[in-house]
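Asks: Structure below; questions to follow.
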Amino acid sequence: MKLHLSNLDELVQRVRNPHPKNYLNEAIVSYRTGAYRASMIATWIAVCVDIIEKVKELSATGDGTAKVIEEKLNKISPSDSASMLAFENGILDIACNQLELISTIEKIHLERLKEDRNICAHPTFSIDGSHFHLWPKQLCLTLFNQQIIFLYNAR
């Protein structure tokens, strides 16, 4: 059975920031072509970009916590992959605990997305040689959940 994402198409049009919106569109296109791992990865990137863009917006409005986070982010050199990874690893804590952009429950859902993204993006070293299989319906639900979080947390 082929799933149709017309509701996702409608939701993505309501995401106001073009940067995460582009990644969400890429995730949907990847999903439709059967590139499920690529779709999961693009969805995680969209979440990270959305949070970063919200940090910038809040900083511009004078939010002190957001200013500190933005300054920390701006100090990371493009060639410093370790610092970029450290920032990415803490991005959900920033969004939930420091900026209160997402709830604790939303954070749990996004942590699951991050775990799935890591499984999709890296080779699995299972003893039996099995690979992670991403089910289309699972991915569709993930895409839908992330878009709802983007929409409800637009500032």
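The values are calculated or read from the model by the stated rules, or taken from the named source; none is laboratory data. Everything numeric here is computed off the predicted structure, so don't read it as measured data. Because the Cβ atoms are built from the backbone with ideal geometry, glycine has one as well, and the counts that use them run over all protein chains shown.
Asks: Based on this model, can you work out whether Val12 counts as out of contact with any Cys (no Cβ under 6 Å at 6 or more places or on another chain), assigned to a helix (DSSP H, G or I) and surrounded by fewer than 20 Cβ atoms within 10 Å (Cβ to Cβ)? Give the steps one after another, and end with the answer.
Replies: Numbers: out of contact with any Cys (no Cβ under 6 Å at 6 or more places or on another chain): yes; assigned to a helix (DSSP H, G or I): yes; surrounded by fewer than 20 Cβ atoms within 10 Å (Cβ to Cβ): no.
When the stated conditions are applied, Val12 does not pass them.
Asks: Give the residue, chosen from Glu26, Glu100, that is surrounded by fewer than 17 Cβ atoms within 10 Å (Cβ to Cβ) and at pLDDT 90 or above.
Replies: Glu100
Asks: Taking helices (runs of 4 or more DSSP H) that fall entirely within region 50-126, which contain at least 3 residues that are over 20 Å from Arg16 (Cα atoms), touching a residue at least 60 places away in the same chain (Cβ under 8 Å) and not hydrophobic (A, V, I, L, M, F, W, C)?
Replies: Helices (runs of 4 or more DSSP H) meeting the threshold: 104-121.
Asks: Only one of these is in contact with a helix residue (DSSP H, G or I) (Cβ under 7 Å, 6 or more places away or on another chain) and at pLDDT 95 or above: Glu88, Glu106, Glu111, Glu71. Name it.
Replies: Glu88
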